[in-house]
1. If you go through region 240-263, how many residues are within 16 Å of ligand 1 (Cβ to nearest atom) and either polar (S, T, N, Q) or assigned to a strand (DSSP E or B) (or both)?
2. Which residue is farthest from ligand 1 (Cβ to nearest atom), if the candidates are limited to region 281-302 and must be within 15 Å of Asn208 (Cα to Cα) and assigned to a helix (DSSP H, G or I)?
3. Determine which member of the set Leu292, Leu270, Leu284, Leu279 is aliphatic (A, V, I, L, M) and away from ligand 2 (no atom under 15 Å from the Cβ).
4. Being among the aliphatic types (A, V, I, L, M) and closer than 27 Å to Arg313 by Cβ is the filter here; which residues of region 190-215 pass it?
5. Taking region 319-335 as the region of interest, how many residues are without any contact (Cβ under 8 Å) to a residue 40 or more places away in the chain and either of a type in the set (S, T, N, Q) or within 16 Å of ligand 1 (Cβ to nearest atom) (or both)?
6. Take the residues of region 58-82 that are among the β-branched types (Val, Ile, Thr) and under 18 Å from Thr42 (Cβ atoms): which is surrounded by the most Cβ atoms within 10 Å (Cβ to Cβ)?
7. Between Ala357, Ala365, Ala371, which is under 20 Å from the mean Cα position of the chain (by Cα) and touching a residue at least 40 places away in the same chain (Cβ under 8 Å)?
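FYI, it's all coordinate maths here, none of it is from the lab. The structure presented is a predicted model; accordingly, all values stated were derived computationally and were not measured. Cβ coordinates were reconstructed from backbone atoms using ideal geometry, including for glycine residues, and neighbour counts include every protein chain displayed.
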Amino acid sequence: MKSAVDFEYSMKVVTVVGARPQFIKLAPVSKALRVADGIKETLVHTGQHYDKGLSEVFFEELDIRSPNYHLDIGSSSHAQQTGKMMIALERILETEKPDWVLVYGDTNSTLAGALAASKLNIRVAHVEAGLRSYNRRMPEELNRILTDHASDLLFSPTKVAQGNLIAEGISKSKAIKVGDVMYDATLLFREKAEKHSRILERLKLTSNDYILATAHRAENTDNVERLQAIFESLKMIGEKHQVVFPVHPRTEKVLEQHFGVIRSDSYKSLQLIAPVGYLDMLKLIGNAGLVLTDSGGIQKEAYFLKTLCITLRDETEWVELVDTGWNRIVPPRSTQDIVTAVEMVMGVAFKELTYPALYGDGKAAQKIANAFTGQEPAVGG
Ligand code: UD1
Ligand code: UDP
């Protein structure tokens, strides 16, 4: 039954988020939905990420409103985590009866939202649809494929991503290229980051004279040889260059388990630090001489902020970054492979690289809000 308040809105959207990159993607979209005519957004935080530095800090810094529901699911195996989320989401969706469920990216929170909604015949909209690594061993690849094929409206960040969906038989009317919401977020916050972040001073770093590293993917953390290659290469690179490594808790756990390393340890010029907030991260990426990462979001942010990037993976979904020369794929198979790649890339004259507008015009969030206002409310919704 609709309440009096609900009658003011022609469209009800329940948004499901739960992990760090999703809070960043959510920020510009939620802002656009807030001012769009006739849309009421209800926000659900699954609790997949719960440390202050992986969750709360983003709500504060990006001015995201508090979630209407917090599911407190926490960490567990894939099936347990996804299943618990689905059970809790089903109850909320039965109460809220939204026209749409909006999900982001490729985490277990994304899949749980998409499955819970589609099984209740609630339409699903997916932001960052159509990304493919073509490596089904990645949990993210399974989450993306399943979510895309359960979705009714698919917002692709790039032409390649939209093309992937069409090649999989999804109609062009459902697969819309809007640009990348992470680019919107970078544009919204980069000046604030440049002005307010004191991270360079705090870590005693000089602009353009340090390397920023991150690693958290299961394929790197759950494989001791790869993890060791990454860690040993960072130590070696740290003999010559300043290196700063904000350590994801998943990575911290395995580093401690296998190598007895703790986050606050320092190895010459390699600093292992706690995860940082978004403003500090933008500042660190924008001022780095080079980024080394296995993160999807950070690969793109390096490009947005014109910093060269080495991707420590076997492949990337963001293939256009590699085509431009701003990004190189270096599978972390050995310490020497990584060290050699870093030396080579440090010599690249990046000012000679072209900088095409691959990720839209910074108005992806607005286009998403417009797509909702152009939709009919669900029958009986
Ligand atoms: C998840 C996503 C991944 C995404 C990443 C962003 C899945 C399958 N993976 O990976 O696609 O790139 O988020 O950061 O959804 N932990 C904490 N505190 C927290 C959260 C996690 O200590 O607040 C630790 C726990 O030991 C947990 C481990 O990190 O077991 C992994 O967390 P989980 O959310 O399962 O996956 P991520 O590696 O964070
Ligand atoms: N990020 C951050 N602090 C950190 C590490 C990452 O603010 O210590 C931001 C980063 O700038 C990007 C997003 O988190 O916007 C990427 O998240 P992550 O690497 O965890 O996940 P992925 O993008 O690989 O799914």
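1. Residues in region 240-263 being within 16 Å of ligand 1 (Cβ to nearest atom) and either polar (S, T, N, Q) or assigned to a strand (DSSP E or B) (or both): 4 in total.
2. Across region 281-302, the extreme among qualifying residues is Asn287.
3. That would be Leu270, the only listed residue that is aliphatic (A, V, I, L, M) and away from ligand 2 (no atom under 15 Å from the Cβ).
4. Ala193, Ile199, Leu203, Leu205, Ile211, Leu212, Ala213, Ala215
5. Residues meeting the conditions: 2.
6. Ile73
7. Ala365
So that you can scan it fast, the table gives a plain yes or no per residue for (1) part of a helix (DSSP H, G or I); (2) within 16 Å of ligand 1 (Cβ to nearest atom); (3) buried (at least 16 other Cβ atoms within 10 Å of the Cβ):
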site	(1), (2), (3)
Gly179	no, no, yes
Leu187	yes, no, no
Asn208	no, no, no
Ile211	no, no, yes
Arg226	yes, yes, yes
Leu272	no, yes, yes
